[in-house]
Each structure stands twice: as structure tokens, then as C-alpha cells.
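The structure appears below as C-alpha cells.
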Amino acid sequence: MDEGNAKSVKAVLLGESGVGKTCIIARFINNTFENNIMSTTGASYAGKTVAFDEFGGKCIKFEIWDTAGQEKYRALTKIFYKDAGVAILVYDITRRESFEEIKNYWYHQIKDCAPPNIVLGIAANKCDLYDNEQVSEEEARKFADEIGAVFKLTSASTNTGIEELFKGVGCKVLDPNYVDDNDPSKNKDNIVLNDEKDNKNKKKKGCC
Ligand code: GTP
């Protein structure tokens, strides 16, 4: 990997407290997951370089900012997205309010305050908890299409869709016209469920 020539891109994860922003980043950077972690206060940084075979091995260095979802930190959070190249809006599929918040608050904040060419992603997180789903994939995907965002069902817990999420937004950074056709959520057999993680079986049908 030609890290020296990597294009640096500031990426920021936004969304309500508890949707899983910190866990998504920990999974992407370290391939780890913790069940009980402290709520983020302020913001924290992590970096990872990814090579894109689709673009002749070009590399992107994601400079990832994890922001605090709690309302009291909103003014501070703005500092991180006002000059970002990528914004990933995260909601928890088991909490409808968290989806309403990305639609009614975070998306508008990005439109109003972030660079106009910012690449958007939506992470429909906690897809391992599909039994308690409160927002259908269809509804969320429709919103993603409307705003031109890369959409992925993700689970930091089972490591589903996260690599693909960063790959998807990275491809759009390298080519704004890129159409994402490598979506594991379109093939539901690819989603590993929490209760199946241990015996490594994959669910055949009806997930998410
Ligand atoms: P703030 O820092 O308060 O903004 O929250 P956050 O969005 O960073 O959420 P965080 O990553 O701290 O995760 C909140 C809780 O959700 C933790 O208990 C995680 O273990 C849990 N969690 C995160 N991702 C997943 C997931 O994909 N599946 C399941 N089942 N739980 C998850």
C-alpha cells in the first residue's frame, strides 16, 4: 500500500448518543467491540489508510473524528463537520428517534454548515438486533437515495457492513459519480447475527 501518497480525508461520525459511533470506529480501526463503553465527551480522533483496488490502488487516509451525540456537545461538534470531506450519519435501527434525528437535525446541519461537496454515508447500525427494528431498511434507503448518501446496514457487534461503509464513501471521494453496487445488505445472507456469531452460522432469510 502506497501510504505516502494517500489522500487525507477528514471523516466525521454524527448521530444521537448511544447509536454506536464509537463502536463503529473501534471496529474499523482495531477490529474490536466492547459492550459497555463510556459515552463520548468532546471528540476523539483515529486514523486509518485504505487502498482502493477499484481506483488502481489509490489510498485514502481517513482522519476520523468521533463526536459526542449528547445534545449539550452540539456546538462543539460543529467544529468537526464544518470542514469535513465525509460525514457518516449513524442511527440505531431499534430506535426510531435516532433515525428522525439524522433526518431532521444532522442532515440539515451538514447542508447548512459543511462543504457543499461533502460525501455522505448513512450507517443503519445495530442490524444484529433486527428483531427490534423500528425503521425499515426500505424507508432508510429511500432517504439515503434522496440525499445521495451511501447506505449500509452495519453492526459493530458482529462486524457487518463497516469496511463496506468506509469503502463506499471512499469510492465517492475518489469519484463523485461512483455508484455503490457492492452492498452486502442487498444480500441478506451476508449479515451475521449476534446470537449466531459464536457458532459461525449465518442466517438464511428474513434479516434486517
Ligand atoms: P455517544 O458517545 O454517547 O455519542 O454514543 P455512541 O454513538 O458513540 O455509541 P457507543 O459506540 O458508545 O455505543 C453505545 C452502546 O451501543 C454500547 O453499549 C455498545 O456496546 C452498543 N452498540 C454499539 N454498536 C452496536 C451494534 O452494532 N450492535 C449492538 N447490539 N450494540 C451496539
(Q) What's the total number of residues in the range 72-108 that are more than 11 Å from the ligand (Cβ to nearest atom), modelled with pLDDT of 95 or more, buried (at least 17 other Cβ atoms within 10 Å of the Cβ) and hydroxyl-bearing (Ser, Thr, Tyr)? (A) 1
Q.
So for the range 120-130 (the condition being surrounded by 13 or more Cβ atoms within 10 Å (Cβ to Cβ), over 22 Å from residue 48 (Cβ atoms), more than 16 Å from the chain's Cα centre (by Cα) and at pLDDT 95 or above), does at least one residue qualify?
A. yes
Q. Could you give every pair whose Cβ atoms fall below 6 Å, whose first residue belongs to the range 103-130 and is assigned to a loop (DSSP other than H, G, I, E, B), and whose second residue is among the aromatic types (Phe, Trp, Tyr) and modelled with pLDDT under 95, counting only separations of at least 6 or pairs across chains?
A. 114/81
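The values are calculated or read from the model by the stated rules, or taken from the named source; none is laboratory data. These figures come from a predicted structure and were not determined experimentally. Counting neighbours? That spans all protein chains shown, and the Cβs are built from the backbone with ideal geometry, glycine included.
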